[in-house]
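S.K.: Quick one: the structure is below, questions incoming.
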Amino acid sequence: MSIDYDAFVGGVKDMEMMNLHKLPPVIEDLRDHSQEQLTELRLLLNAGLEGRPDVRRPGFFELDGVDNVYYIFRYPTGHKVLLLAAWQREVDPVAEMVAYARPAA
């Protein structure tokens, strides 16, 4: 029984490439954000959220989290994300009052 070495090596390389694309992107924090912010951003990216593109800057996006909005740069390869800024989301005070006024189910 003979083994086609080239086919075997090619198949292994194809599997490595597939696994490489499934890895979550590396996040580089440029401004020393909190661990909670980094965790939320990582969850958003792992969920596959793209965010809103910045029309003036290719590769830059705003990503909405639960508590924060993140301004990021995605490398074209998709393997690295730069976290440039994060700020708290604006909350509608009327909607917040209604949510707190309702009794828990």
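S.K.: Calculated FRET efficiency, residue 26 and residue 56, Cβ-Cβ r, R0 25 Å, to nearest 0.05? It would help to have the intermediate numbers written out before the result.
M.R.: Working: r = 25 Å, r/R0 = 1.01.
The calculated FRET efficiency here is 0.50.
S.K.: Still on this structure: For the range 39-44, in order, what is each residue's ³J(HN,Hα) by Karplus, 6.51 cos²θ - 1.76 cosθ + 1.60 with θ = phi - 60°, in whole Hz (x at glycine and Pro)?
M.R.: Taking θ as phi minus 60°, the curve returns 5, 4, 4, 4, 5, 5 Hz for the range 39-44.
S.K.: How do the peptides 66-76, 25-35 rank, highest first, by the average count of neighbouring beta carbon atoms within 10 Å per residue?
M.R.: On the way: 66-76: 16.1, 25-35: 12.1.
Listed from highest to lowest mean packing, they are 66-76, 25-35.
S.K.: Residues with amide H under 5 Å of residue 80's amide H, sequence separation 5 or more or different chain, H placed in the peptide plane at 1.01 Å from N; which?
M.R.: 26, 75
S.K.: Contour minus end-to-end for residue 34 and residue 69, with contour as 0.36 nm per residue of separation and end-to-end as the Cα-Cα distance? Display every interim value, and only then the final one.
M.R.: Working: separation 35, 0.36 × 35 = 12.60 nm, distance 1.34 nm.
Between residue 34 and residue 69, full extension yields 11.3 nm more.
S.K.: I've got another one for you. Would you please give the residues with an amide H less than 5 Å from that of residue 68, counting only those at least 5 places away or on a separate chain, with H modeled from the backbone geometry?
M.R.: Close amide H contacts, sequence-distant or interchain: 89.
S.K.: Would you mind checking which residues have amide H under 5 Å from residue 85's amide H? H placed 1.01 Å from N; only 5 or more apart, or other chain.
M.R.: Sorted by chain and number, the residues that satisfy this are 71.
S.K.: Considering only the other residues whose Cβ falls under 10 Å of the Cβ of residue 69, what net charge follows from Lys and Arg at +1 and Asp and Glu at -1?
M.R.: On the way: positive: 52, 89; negative: 62, 64, 67, 90.
Once positives and negatives cancel, what remains is -2.
Any read-out appearing in this document is the output of simple, stated calculations on the displayed coordinates, not a laboratory observation. Keep in mind that what you see is a predicted model, and the values were worked out from it rather than measured. Counting neighbours? That spans all protein chains shown, and the Cβs are built from the backbone with ideal geometry, glycine included.
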